[in-house]
Structures are given as structure tokens and as C-alpha cells.
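The block underneath contains the structure these notes are about, expressed in C-alpha cells.
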Amino acid sequence: MSHARYREWVLDGERATWPKIMAIRDQTIIGQTLEDCIQRIKRQRRKKEVSVTVS
């Protein structure tokens, strides 16, 4: 394979990938936010269960 052909493949890959980077970033942020929400709800439930048990 020639260097020119290799470089062409690399550029093709970059052109195919970069437009998707923002979507990947957004999906990651959404996933992290959902995980944070789940953890917050679990903590709130544990506090509520302890409060009900103590009362």
C-alpha cells in the first residue's frame, strides 16, 4: 500500500468520525446525568427508609 493511499484512508476515516463526535459527547453527558439522578434517588430512598424505621 502506498503512503498516499494510506493517508487517503486515514482522511476518509477522520471525515466519517468527526461529525459523530458531538453526538457521542451528548450521549455520554446524558448517560452520566441519568446515572447521577439514579444515585440521588437511591440516596433519598435510603434516607427515607432510615427515617421511617427510626420514627
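The numbers here are math on the coordinates, done by the rules we state, and not lab data. Quick caveat, the model's predicted, so the values are computed rather than measured. Counting neighbours? That spans all protein chains shown, and the Cβs are built from the backbone with ideal geometry, glycine included.
Brief remarks on what is shown
- Taking log10 I(q)/I(0) by the Debye sum over Cα atoms at q = 0.13, 0.23, 0.25 Å⁻¹ as calculated from this structure, the corresponding entry among (i) -0.58, -0.86, -0.91; (ii) -0.39, -1.00, -1.12; (iii) -0.56, -0.94, -1.04 is (i).
- Compared with the direct C-alpha span, the chain from residue 50 to residue 22 gains 5.9 nm at full extension, assuming 0.36 nm per residue.
- Cα centre as origin, Lys/Arg/Asp/Glu Cβ charges: segment 2-55 dipole, Debye: 420
- A simple count of charges around residue 51, restricted to other residues whose Cβ falls under 14 Å of its Cβ and scoring Lys, Arg +1 and Asp, Glu -1, yields +4.
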